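**Q** Below you will find the structure I want to go over with you.
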Amino acid sequence: MPDPGKGIVRFLPEGVDVPLSPGDSLLAHALRAGVPLLAPCGGESRCGKCRVAVAGAARGGDDPGALSPADRSAGIRLACRCVPLSGVVAVTVLPESRPARLSAYLDGKDMAGDGPFLPLQRAVPGGRPLGVALDLGTSTLAGALVDLSDGNVLARASADNPQMACGEDLISRVVFAEETPGGFEFLRERLLQGVASLVSRLLARTPLRGEITDVCAAGNTVISHVLCGLSPSPIRRPPYRPVQKEYPVVTGRALGIGVAPDAQWRIFPSLGGFVGGDVVADILASGMHREEEVSLLFDVGTNGEVALGNRDWRIACSSSAGPAFEGGDIGCGMRAYPGAIESVRIDRETGAAEWTVIGRKPPAGLCGSGILDLCAEMFRAGLVDRAGRFVRRGGAALRSTDRGEAYVVVPAEQSATGQEVTLCEADLKSVLRTKAALCAAAEAMLRAVGLPLGAVARVYVAGGFGNFLDLRSALTIGLFPPFPLPRFVPLGNASLAGAIGALRNRRRWREALELAPATLYHDLSADPAFMELYQRALFLPHTDAERYRAALSGTEATR
Amino acid sequence: MALTALDIYKLLPKTNCKDCGFPTCLAFAMQMAAGKATVDLCPHASEEAKETLGAAAAPPLPKVTIGTGGSEVVLGDETVLFRHEKTFYHPTAFAVSVADDLSPAAFADRLRAIRSLSFERVGQRISVDLVALRCVSGDPAGYARAAASALTATGLPLVLLAPAAPLATAAEAVGGSRPLLAPPHSDLEAAAKIAAERKLPLRVRARGIEGLSAALRSARAAGAKELVADPAAESLADAVADAIHIRRLAILARNRDLAYPAAFDLGDPFPDPFGAAALLIPRYGSLLVLDTADPAEILPLLTLRQNVFTDPQRPIQVEPGVYPIGNVTASSPVLITTNFSLTYFTVRGDVEASRVPAYLLIADVDGMSVLTAWAAGKFTGESIAKMLSGCGIEEKVGHRTLILPGMVARLSGRIEELSSWRVLVGPQESSALPPYLRRLPPAAFDPANA
Amino acid sequence: MTVALPEQRFPGRVLPVTLPAAPGGIPVTVGGQNALPYAPEGDRPNPPAVGMEVRSGAEELPPSLEAAIGSLSGDPVALARRCISGWGARFLFLSLDGCHPDSGGKSVADGAALVREILGAVPAPVIVGGCGDEDVDARLFPAVAEAAPRPVFLSYAEEKNYRLMAGAALAYGHGLVSWSPIDINMAKQINLLLADLGFPPERVVMDPLTGGLGYGLEYTCSIVERIRLAGLSGDAMLARPVLCHLGDAWKAREASDASEGSWGDVDRRGRRWEEATGLACLAAGADLLVCRHPGSVARLSGAAWR
C-alpha cells in the first residue's frame, strides 16, 4: 500500500493506485500503473489526445491551445503535461482517451523504426518502386504498401486467411493437404488467391502509381512452406523438421501468384517446424537480438510462440496455445474488428457489465482483449473460482443457455445481432488452457536455460488480440509469468512491422537472415517440464499465486 | 550437474560452429546441463571450460560392476536423492543365498529355485541378479567346488560370503566370472589383498558409519578399488538410517571416502527382511542378500524395484494391448484410447465406474494423450485399423463396433473405410463415459448385427 | 576421526490433523513432523496410522481377503468391530460402494443408516467414502453428513464437487479428504480452492490417488515425496498429512490370481502385494494408510515406528 503521506495517484474507473512520484507527469504514472491511455505522439505533448479529468492537487496540462475553457474548468487536463502534487489525486481517463483503434492487425511497433532508409533495391528508373510487407497469419493476412522511394507506408489492409476453409488450425490444414485428393494444391491456391487479393486492395488504396519491386513476407513455417510449394507434411511426423528453414528469393511469376510477377519475393526464414518467419520478424521489430539484457517476446495468437534471449543467444518455441485470444474457440468471440467488445468492467454490486466497443458500434461479440478483460473482471468480482468455474451468487447475470451455464455480458436487446453476448464455462476453460500454455512455455524455456524470472529485463508482447493489452487483466488471470508491469512493451503486429522494417532497410533483412540460424528451436513436446508447468498454470492466476500479488501491486519484484 | 545451461554456455566459445553436432552453443550447453553430452564433444573448448565442466560431470557415487557379459550387475553411479529430481539409474541388486553345506540334491534344488525367480512384467524381464554363496562348511576346497557349481548351474554372478581361506580358493576357482568378495569384518585385510591382486569387487562390512569409514580406508590401503559398503545393520531402523547416511554422504557432502554403493545382508537372523527390502529399494539400498527364494515374496519385491527404477522423465506409458474390464463377454463394448498412463488410468477408472464390462484397447502412441497423438500423426485412421486387425480383439468379441474418443471423431470415416469395423463416437470427456456406456443399445454389440 | 553426517533440515512442518473418535475411542492425530520419514534427524511427533476399509457392497474377494475377512464380508458392522478390536486398525474407512446403482443400488437412506450404525458400533475415527457415481454421491454425502452422530472425514473433495462437499462438511463439523489424480499441481489446487471457501486446513488430509504395486505405484510415491518436500520447504498448501488407500493393490492380477504356479502361494502373495504398496507409501511420506487385509495392519504399523 502506498504511503498516504507521500501522495497517491488514483486512476478511475479502474481504482488503481500508484505512489505519487514528484515531477512525473500523469501519463508517466499511467504507464507505470498499466492503465491504458491514448498517447499517439509518444508523450511529447503534440497530439492533445491524452485527456483526463483530474480531482486533487495537480499542476499543468491546462494549456489554452489544447483545451477549451469549459474543459479546463471541468478539471480536464492533458496527462502528458499535468503533474500531481500531493495527497490523493484522482484521475479519470476519459472514454475518448482510451486507445481503441479500428483494426488490430495492421499497427505494430518497430523498436528501431527511426533507422536509415536503405531500400533493398535501387529505385527503378522512370517509375516509383513499391514494396509490399506481408504478415501471413493462420487466421488473418495483413499487408502494408511501402513507397520505396522514400520509405512511407502508403496503405494497410487485412483479410481473413482463405485457408480457414481447409481447417482452423495448422495441423488440420496439413492433414487436409495429406488426406484430400488435390488437397495440397487447393490449400496453396487459396493462400495465393488470398495474398493476391490483399495486394490488389493495397494498390487500390493509394492514388500513387508505381511498380512493386520487392515483397517481404513473414509467415509461420507451414504457411511459408505452402507458399513456396513445399509439402509441410514432414513437420508433423517424426523427427518433426521442416523441409528447409531458409527460402530462396524468387519472383512472383516463379511462385505462380497473380500479382507482382517481376518483384523479388523474400520470405522470412523459419526457426523450426512450429516457429516461423513471423516470429523472426517479431524479434527483428523488437530489437531484442541487439540488446545485452535478456528479453522475452510473446506472440499471443493461435500458435502462441515465445522467444527468450538477447544479442548473444536466443531460444524460441511454440506453445500451440489455441485461438482464444483471437476470438476463436469462444462462443461469442470474434476478431478485433468494428463491433468487437475490447474492454469490460463488471459492477461489483449488480454484476452487470459495462464495455467499450471497437468502432463505437453496438456490440456483436468479444475480441481478444475483451475476452481477457472479461475473464479478469469475472475473477476479480468473485463470479468464478480459481479453477474457472462459476460460483453461484444468485442474482448475478448467470443464465442457463444451450452451451451450459453462462455469464451474460450484453443482453439481447443491446447487442448488434439481437442475440445475447455471453461467456460460458467452457469458454473460460478454453481461455484457461490458452493462457496456461503461453505462460508455461515461457517458464519452461527459462527453466531450460537456467534463468530466474528476475533476469528478464523486458517483455515484448505481439499479437492480434486487440490493440491495447490490459496488462493488469493479463496478470490477474496469469496470461504471463508475474513480471512487474513496467517491464512490458506492447508491440501490436510486430511481424508486419518487422517486414516493413526489412523493406525499408536492407541491413535489417540481413539481420533477419543472421539471427534465425543462431536462434535455438525448443521443442516443448520433448521438454518433460512443460506438461507440469502447464498444469500448474491452469489456475487463476496460477497455482503459485503469491508471486502475482507483488507484480500487480506495482512494486518491483526483488528477484 | 548443478550448473545451469547458461552457466555452461558462458564457458563455451559461442561461435555456433556446429562442430559438436548441435545447432548452437546454447543447444550444446542445454544438453550438457541435462547430463546428455560432455564437454569433450567441443573441439574448441578452452582448458578452463574442460576443467570446470569435466569435474562437474564426475559422478558422486562411483560405479561397481559384478559379473561379466550379459549377466553383469552394475551398482552405484547415482546422482540424486529423489527419483523425481532426475532418475535412479541402477536398480537394487538382489542376491538370494544358498549354503555350501547342503546335500548335492538339495543344493541343485535350491539353485533351480533361484534360477526360476525370473518373470516377465509389462514387457520387461525382472529377475534375481546374483547367487550369494554362504560358507557354512568352513571347508575351502568344498566351498570352491560349490562356487563353481553354482556358477555353472545358474549363470548368475556370485556373492562369496566366506572367511579368508575359502574366499581365496573360491576366488581362484571362479575369479574370471568377477564375483563380489564378501568377507566377515575380521578377514577384511586378507580379502582386500585378494581383491587387489585379482581386481575383484569387495564388500566391506563394519558396524556403523564410523566403523565403515575406518574399514574402507584399510581396504583402499590394501589396494582394493571397487568397493561396496555394508554397515552391518541389525534392524530395519538401522538399515534404513545407514543407507540414508551413506547416500547423503556421497551426494550431499561429496565425501569421497564414504561414497560407495550400500549393501545389506537381510538373511537370518535379520528381523523382517521383507519389510527392510521394501524400504531399501526406494531408500538407497544397492545390493540386498535375501535368504528367501519364495516367489510369493520375491515377485512383489522385484515389481517394486521395477517401479521405483523407471525413468520419471520418459512419458509415463502403459503397455499397449487389449484390457478387459469387468466380466467381459463376446458382446461387450470395445473402446479405444492411447497408452499415456494418465489417459489409461482415467478411462479405465471411468469404465469401471460405469459397471459396464468392456474391452479397452490401448494403442501404442509413445505415451501421448489422445489429441497430442493425433496431432503428431501417431493416432490415425490407419494406425487404429491396423490395431483392430492385429491385437486379437476380433477373436474376443463377436461384434465389430468400436467406440472412439469424441476428441478424434473425425477419424471415424477412415477407420470404417480401412477396416470391417463400425465406429460409434464416444463422449469428448472420459468422465461422461459411465452414462454413455449405460445408455448404449445392446443391439450395437450383438454379433448378429456385425 | 568422526565423520560429519549431512542432515536435511526444513523450515516447515506438516500441519497436525486429528481424526476424532467417540468417547471411549482413541482419536488419531497425524502430521506435525518437520522431517522426511525415516530420516535420522528431525521431529516426528505422530507416527503414521494404519486403518482398514469396510465396504457396504457385495463383491468377489481375492483369495487372501476371502480367507481373512470373507466370513464377515456380508456384515459391515461386525467387520468394523473386528477391524478395530481384533486386528488393531486405528480408524475405519467405510466405503459406501453398495449405493452405486449398478451394485445392487442401495438407497441413499440405506447408506446414511449404515453410517449411523457403524459409528454407533465402534468409537474409533471413521472416514466415509462415496459410491463413485457422481449423481448418487451428490445426494449421499449431504445425507451422510447430516446422519452421522459424530464428526467424520468425508472422502473425497475434488475440483468438480468441492463446494458441495465443503458445504456438507462445514454444516455438520466434518473433515474432508482432498483428492487429486497423481498430480502435484492439482493437489495444491484443490487445497487452494478449499482455502478460498474458508474450509479449516486442520480438517483436511490429502489423497493423491495411490496406484497399486506394479500399476502406477511409483507415480504416487514420487508425488507424495514432492508434496512432502514442498510442504516442509514452506508451501503451506502442501504441508498436510497424506492418505494412501491401498485398495488398488488388490486389482493387480498378481495379488489375486491363483492359477500361476510360478508366482508362489496366492494368499501370501496377495498380502505381500498390499504390504509392499504400503511400505513404499510410508517411505515416501504417507501419514495414513488404508488397507484391506488384517495382517497388513500389524506389518505396516510396525514399519511405521518412525
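**Q** Using only the Cα atoms of region B:382-450, build the gyration tensor, take square roots of its eigenvalues as a ≥ b ≥ c, and label the shape rounded, prolate or oblate: rounded if a/c is under 1.5, else prolate if a/b is larger than b/c, else oblate.
**A** Working: a/c = 1.85, a/b = 1.16, b/c = 1.59.
Verdict is oblate for region B:382-450.
**Q** A follow-up question, please. In whole Hz and in residue order, list the ³J(HN,Hα) couplings for region A:147-154 that follow from phi through the Karplus curve 6.51 cos²θ - 1.76 cosθ + 1.60, θ = phi - 60°; x for Gly and Pro.
**A** Rounded to whole hertz, the list is 7, 7, 8, 9, x, 6, 8, 8.
**Q** While we're looking at this one, here's another question. Which of B:A146, B:A113, B:A330 moves the most in a Gaussian network model of chain B with Cα springs under 10 Å?
**A** Comparing B:A146, B:A113, B:A330 in a Gaussian network model of chain B, the most mobile one is B:A330.
**Q** Comparing B:F264, B:F28, B:F82, which has the greatest mean-square fluctuation in the GNM of chain B with Cα pairs linked when under 10 Å apart?
**A** B:F28
**Q** Per residue of chain B, what 222 nm ellipticity follows from adding -39500 (n - 2.57) for every DSSP H run with n ≥ 4, rounded to the nearest 500?
**A** Details: 17 runs with 175 residues, N = 450.
Helix-only estimate at 222 nm: -11500 deg cm²/dmol.
**Q** For an R0 of 45 angstrom, estimate the FRET efficiency from the Cβ-Cβ distance between A:D347 and A:S172 and round to the nearest 0.05. List each step's numbers first, then the result.
**A** Working: r = 40 Å, r/R0 = 0.90.
The calculated FRET efficiency here is 0.65.
**Q** Between B:D311 and C:K251, what's the calculated FRET efficiency when r is the beta-carbon distance and R0 is 22 Å? Round to 0.05.
**A** Efficiency, rounded to the nearest 0.05: 0.35.
**Q** Any chance you could tell me what percent of the C-alpha pair distances in region C:85-168 go past 16 Å? Please report the intermediate quantities before stating the final value.
**A** Numbers: 1673 of 3486 pairs.
Tail of the P(r) past 16 Å holds 48 percent of the pairs.
**Q** So what is the relative contact order for region A:129-279, in percent, with contacts set as C-alpha pairs under 8 Å and at least six apart? Numbers along the way, then the final one.
**A** On the way: 313 pairs, mean separation 36.4, N = 151.
Relative contact order of region A:129-279: 24 percent.
**Q** Of A:K6/C:K188; C:K106/C:K160; B:K14/B:K63, which ones are farther than 31 Å apart at the Cα?
**A** On the way: A:K6/C:K188 39 Å; C:K106/C:K160 24 Å; B:K14/B:K63 34 Å.
Pairs exceeding the cut-off: A:K6/C:K188; B:K14/B:K63.
**Q** At q = 0.21 Å⁻¹, what log₁₀ I(q)/I(0) does a Debye calculation on the Cα points of region A:129-279 give, no solvent, two decimals?
**A** -1.32
**Q** R0 = 51 Å: FRET efficiency of C:D196 with A:R253, Cβ-based, nearest 0.05? Write out the running numbers ahead of the final one.
**A** Working: r = 63 Å, r/R0 = 1.24.
In this case the efficiency is close to 0.20.
**Q** Contour minus end-to-end for A:R128 and A:N310, with contour as 0.36 nm per residue of separation and end-to-end as the Cα-Cα distance? Walk me through the intermediate numbers first.
**A** Values: separation 182, 0.36 × 182 = 65.52 nm, distance 3.77 nm.
Extra length available between A:R128 and A:N310 comes to 61.7 nm.
**Q** Would you mind putting A:297-308, B:388-399, B:192-203 in packing order, based on average other-beta-carbon counts within 10 Å, highest first? Spell out each step's value before the answer.
**A** Numbers: A:297-308: 27.7, B:388-399: 15.8, B:192-203: 20.5.
The packing order, highest mean first, is A:297-308, B:192-203, B:388-399.
**Q** In whole Å, largest first, what are the principal axis extents of the Cα atoms in chain B?
**A** In descending order, the Cα extents are 79, 68, 36 Å.
**Q** Moving on. Send over the semi-axes of region B:5-57's equivalent ellipsoid, whole angstrom and largest first, taken as the square roots of 5 times the C-alpha gyration tensor eigenvalues. Mind dumping the intermediate values first?
**A** Working: eigenvalues 41, 29, 19 Å².
The answer is 14, 12, 10 Å, longest axis first.
**Q** I want to check the label-to-label distance for B:Q124 and C:E117. Put each point 7 Å from Cα in the C-beta direction and report it in nm to one decimal.
**A** It works out to 4.6 nm between the two label points.
**Q** Okay, moving on. Averaged over all directions, how much area does the convex hull of the C-alpha atoms of chain A cover when projected, in nm²?
**A** Convex hull of Cα atoms, orientation-averaged projection: 26.6 nm².
**Q** Another one. Using the alpha-carbon centroid of each, what span in Å lies between region A:233-286 and region B:222-298?
**A** Going from one Cα centre to the other spans 59 Å.
**Q** Quick check: convex hull over the Cα atoms of the protein assembly as shown, volume per residue in Å³, rounded to an integer? All intermediate terms of the calculation are to be shown ahead of the outcome.
**A** Working: hull volume 271.8 nm³, N = 1315.
Given the Cα convex hull of the protein assembly as shown, per-residue volume reads 207 Å³.
**Q** Divide, for region A:256-381, the radius of gyration over alpha carbons by 2.2 N^0.38 Å, where N is the residue count. Don't jump to the answer; show the numbers that get you there.
**A** On the way: Rg = 19.0 Å, N = 126, 2.2 N^0.38 = 13.8 Å.
So region A:256-381 has a normalised radius of gyration of 1.38.
**Q** Let me ask something else. Over all residues in C:262-272, what is the mean tally of Cβ atoms on other chains that come within 10 Å of each residue's Cβ?
**A** Values: counts 6, 6, 9, 4, 1, 1, 5, 7, 2, 2, 10.
Other-chain Cβ atoms within 10 Å of each residue's Cβ, averaged: 5.
**Q** Starting from the Cα of A:D160, step 7 Å along the direction of its Cβ; do the same at B:D109; then give the gap between the two resulting points in nm.
**A** The modelled label-to-label distance comes out at 8.3 nm.
**Q** On to the next question. What is the distance in Å between the Cα centres of region C:202-237 and region B:390-421?
**A** 38
**Q** I want to check the label-to-label distance for C:E7 and A:S233. Put each point 7 Å from Cα in the C-beta direction and report it in nm to one decimal.
**A** So the label points at C:E7 and A:S233 sit 6.5 nm apart.
**Q** Moving on. List the residues whose amide H sits under 5 Å from the amide H of A:G210, counting only those 5 or more places along or on another chain, with H placed 1.01 Å from N in the peptide plane.
**A** none
**Q** Which values of log₁₀ I(q)/I(0), to two decimal places, follow from the Debye formula for region B:308-445 at q = 0.08, 0.11, 0.14, 0.16 Å⁻¹ with a uniform point scatterer at every Cα?
**A** Debye intensities relative to I(0), on a log10 scale: -0.19, -0.35, -0.58, -0.77.
**Q** If we count other beta carbons within 10 Å of each Cβ, what is the order of A:L148, C:L15, A:L432, fewest first? Show your work: numbers first, answer last.
**A** Details: A:L148 25, C:L15 17, A:L432 22.
Fewest-to-most Cβ neighbours within 10 Å comes out as C:L15, A:L432, A:L148.
**Q** For C:W273, A:W355, what ranking results if the residue with the fewest other Cβ atoms within 10 Å of its Cβ goes first? Display every interim value, and only then the final one.
**A** Values: C:W273 30, A:W355 20.
In order of increasing Cβ crowding within 10 Å: A:W355, C:W273.
**Q** Would you mind calculating the gained length between A:L118 and A:E185 on full extension (0.36 nm times residue separation, minus the Cα-Cα distance), in nm to one decimal?
**A** That works out to 20.4 nm of additional length.
**Q** Right, another one. Per DSSP H run of n ≥ 4, the term is -39500 (n - 2.57); total these for chain A, divide by its residue number, and report the mean residue ellipticity at 222 nm rounded to 500 deg cm²/dmol. List each step's numbers first, then the result.
**A** Values: 14 runs with 149 residues, N = 559.
-8000 deg cm²/dmol, from helical runs alone.
**Q** On a 0 to 90° scale, report how tilted helix A:183-204 is relative to the longest principal axis of chain A, with both axes built from alpha carbons and the result rounded to the nearest 10.
**A** Once rounded, the angle reads 70 degrees.
**Q** Which order do the peptides B:230-243, B:271-284 take when ranked by the mean count of other beta-carbon atoms within 10 Å per residue, highest first?
**A** Values: B:230-243: 21.2, B:271-284: 23.4.
Per-residue mean Cβ counts within 10 Å order the peptides as B:271-284, B:230-243.
**Q** Can you list, bin by bin at 20 Å, the percent of alpha carbon pairs in chain C, starting at 0?
**A** 34, 59, 7, 0
**Q** Now a separate question. Over all distinct Cα pairs, what is the inverse of the mean 1/r for region B:63-308, reported as the Kirkwood hydrodynamic radius in Å? Present the calculation step by step, with values, prior to reporting the outcome.
**A** Details: mean 1/r = 0.0562 Å⁻¹.
Averaging 1/r across every pair of different Cα atoms and inverting gives 17.8 Å.
**Q** Still on this structure: Report the one residue of B:V322, B:G223, B:Y284 whose Cα lies farthest in the direction of the positive end of the charge dipole of region B:203-347 (charges on C-beta: Lys and Arg +1, Asp and Glu -1; origin at the Cα centre).
**A** After comparing all options, I get B:G223.
**Q** Moving to a separate point now. Can you give me the Cα centroid spacing of region B:27-75 and region A:475-496 in angstrom?
**A** First find each Cα centre; the distance between them is then 40 Å.
Any read-out appearing in this document is the output of simple, stated calculations on the displayed coordinates, not a laboratory observation. Worth saying up front: this structure is predicted, and the values here are computed from it rather than measured. Glycine also receives a Cβ, built like all others from the backbone with ideal geometry; neighbour counts cover every protein chain displayed.
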